[in-house]
Amino acid sequence: MTAGQDERIESPSDAPDQQATAPQIQSTEPPAESSAQSSAQASAQPDRDPETHDLPTSAPFIGKVRPLPLLHLSPGVTHRTPTVALDGLSVGPFHVGAASQAGTAHLIKGEPRQDAYDFVLTPEGRLVVAIADGLGSRRASQVGARIFCEHATALAGTTDCTAAEYLVQAAALTSTTAENNYGLHSEDISFVGAVAVFDEAGEDVVDIARVGDVSAFVLTSDGAISELFQHDDAALNIVTALLPGKGAPEPEEVRTGGDSQIVLTTDGLATDLRNSTSLREWLAQEWRLPVGPYAMADSLRYRRQGSHDDRTAVVVWRTKESAAEPPVD
């Protein structure tokens with residue numbers, strides 16, 4: 001399905017059993033998995049699903065989606081990351097809502113979440129956000145993604161740089177840390193990443209740099225979501241630019257005004273935003289006002305036909321003109 005193609009509501013009777021209360025949206029997208037892939041995944045699952053309970057969601061089903069099989073962690077998985085990470089809080093003159101969740105493809109195969117994010121408010125009042133997506137073909141890419149985000153925000157706490165400078169320096173430090181602390185080489189931890197720098201109140205400028213297929217979107221006051229970077233129409237899951245190591249490409253950069261919500265995403269969500277009008281409209285409504293951590297989590301609980309990668313979003317609202325001065329005793 002191409003971006004902007006109409007989608008229609010399914011009848012509730014067509015919904016999978018797990019979330020019958022969620023709105024159903026049908027589209028003409030290709031099947032989520034091939035029969036061979038489904039058989040291979042099924043053969044790797046334990047014989048019987050345990051009884052589990054989860055909270056209901058208002059997130060939609062888009063297209064034809066199948067009931068989820070058992071989600072599990074395989075034996076021997078090291079450097080595990082939590083299945084879900086959440087944030088929703090005031091950060092100086094900003095509000096940040098963030099969520100990262102493991103994709104169903106990883107959980108069905110017993111793999112960990114390979115996305116990561118982090119953010120920090122600098123002493124000068126700038127908000128610095130880092131986001132990364134580990135390559136699924138590398139054995140410890142989740143380590144690279146996590147360390148990169150940590151280094152980017154640590155640098156921001158001590159140095160004053162552009163988004164591209166933070167990205168390049170953090171990637172170099174990631175390679176060194178992985179080698180020294182984990183015994184992992186650069187090719188073991190390959191990832192793509194982005195850094196965004198939101199200037200202090202009064203400037204209203206956002207500087208964003210990326211390497212790879214992570215992306216950024218702007219949510220305007222009229223409810224439209226549009227992408228800030230030019231989308232590469234190359235085949236899905238073919239990554240031509242990655243970090244860290246020698247020969248890493250120069251970051252792509254964009255600058256935009258900070259008066260609207262800015263959304264940083266990994267490709268698991270970016271692809272869905274590009275290709276689903278219904279999802280863009282639903283998320284624009286969900287993110288029209290600052291949200292708490294659990295509302296942020298629920299915004300990524302939609303099911304979409306063919307969508308099974310990790311999803312990560314960091315949404316930034318500018319909430320006031322200047323950060324409040326702390327009271328003086």
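The values are calculated or read from the model by the stated rules, or taken from the named source; none is laboratory data. Just so you know, these numbers come straight off a predicted model, no measurement behind them. Every residue, glycine among them, receives a Cβ derived from its backbone with ideal geometry; neighbour counts consider all protein chains shown. Calculation scope for accessible area: heavy atoms of the full protein, side chains included, ligands and nucleic acids excluded. Shrake-Rupley method; radii C 1.70, N 1.55, O 1.52, S 1.80 Å.
Across the stretch 138-174, which residue is most open to solvent (accessible area, probe 1.4 Å) among those that are among the hydroxyl-bearing types (Ser, Thr, Tyr) and touching a strand residue (DSSP E or B) at 6+ places or on another chain (Cβ under 8 Å)? Ranking the qualifying residues of the stretch 138-174, first place goes to Thr162.
Does the stretch 98-107 contain at least one residue that is modelled with pLDDT under 95, of a type in the set (S, T, N, Q) and within 28 Å of Arg288 (Cβ to Cβ)? Checked the stretch 98-107: at least one residue is modelled with pLDDT under 95, of a type in the set (S, T, N, Q) and within 28 Å of Arg288 (Cβ to Cβ). The condition (being among the charged types (D, E, K, R), over 20 Å from Leu264 (Cβ atoms) and in contact (Cβ under 8 Å) with a residue 24 or more places away in the chain) is satisfied by just one residue among Asp199, Asp188: Asp188.
May I ask you to verify whether Glu321 is more than 15 Å from Ile62 (Cβ to Cβ), open to solvent by 30 Å² or more (accessible area, probe 1.4 Å) and at pLDDT 95 or above? Criteria not met by Glu321. Taking the stretch 65-83 only, how many residues are closer than 18 Å to Arg304 by Cβ, open to solvent by 40 Å² or more (accessible area, probe 1.4 Å) and either under 22 Å from the mean Cα position of the chain (by Cα) or aliphatic (A, V, I, L, M) (or both)? Total meeting the criteria: 2.
For every residue, the table says whether it meets (1) part of a strand (DSSP E or B); (2) in contact with a Phe, Trp or Tyr (Cβ under 9 Å, 6 or more places away or on another chain); (3) modelled with pLDDT of 95 or more; (4) open to solvent by 50 Å² or more (accessible area, probe 1.4 Å).
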{"position": "Ala241", "(1), (2), (3), (4)": "no, no, no, no"}
{"position": "Ala248", "(1), (2), (3), (4)": "no, no, no, no"}
{"position": "Gly268", "(1), (2), (3), (4)": "no, no, yes, no"}
{"position": "Tyr294", "(1), (2), (3), (4)": "no, no, yes, yes"}
{"position": "Arg301", "(1), (2), (3), (4)": "no, no, yes, yes"}
{"position": "Val314", "(1), (2), (3), (4)": "yes, yes, yes, no"}
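Taking into account only those residues within the stretch 277-292 that are of a type outside the set (D, E, K, R) and in contact with a helix residue (DSSP H, G or I) (Cβ under 9 Å, 6 or more places away or on another chain), which is most open to solvent (accessible area, probe 1.4 Å)? Result: Trp282. Out of Gln101, Gln114, one residue alone is touching a helix residue (DSSP H, G or I) at 6+ places or on another chain (Cβ under 9 Å), open to solvent by 20 Å² or more (accessible area, probe 1.4 Å), within 25 Å of Ile208 (Cα to Cα) and among the polar types (S, T, N, Q). It is Gln101.
Matching residues to (1) closer than 25 Å to Gly97 by Cα; (2) outside any strand (DSSP E or B); (3) hydroxyl-bearing (Ser, Thr, Tyr); (4) open to solvent by 20 Å² or more (accessible area, probe 1.4 Å):
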{"residue": "Asp133", "(1), (2), (3), (4)": "yes, no, no, no"}
{"residue": "Gly136", "(1), (2), (3), (4)": "no, yes, no, yes"}
{"residue": "Thr176", "(1), (2), (3), (4)": "no, yes, yes, yes"}
{"residue": "Gly193", "(1), (2), (3), (4)": "yes, no, no, no"}
{"residue": "Glu200", "(1), (2), (3), (4)": "yes, yes, no, yes"}
{"residue": "Glu203", "(1), (2), (3), (4)": "yes, yes, no, yes"}
{"residue": "Gly223", "(1), (2), (3), (4)": "yes, yes, no, yes"}
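Counted as qualifying within the stretch 50-124 are the strands (runs of 3 or more DSSP E) with 2 or more residues that are in contact with a Pro (Cβ under 7 Å, 6 or more places away or on another chain), namely 84-91, 94-101.
Can you spot a residue in the stretch 47-57 that is under 23 Å from the mean Cα position of the chain (by Cα), at pLDDT 50 or above, on the phi < 0 side of the Ramachandran plot and surrounded by 15 or more Cβ atoms within 10 Å (Cβ to Cβ)? Yes, the stretch 47-57 contains at least one residue that is under 23 Å from the mean Cα position of the chain (by Cα), at pLDDT 50 or above, on the phi < 0 side of the Ramachandran plot and surrounded by 15 or more Cβ atoms within 10 Å (Cβ to Cβ).
All conditions but one from (1) at pLDDT 95 or above; (2) over 24 Å from Pro112 (Cα atoms); (3) open to solvent by 10 Å² or more (accessible area, probe 1.4 Å) apply to Arg210; the one that does not is (2).
Residue count for the stretch 247-268 under the criterion of being over 28 Å from Glu200 (Cα atoms) and without any contact (Cβ under 8 Å) to a residue 60 or more places away in the chain: the result is 2.
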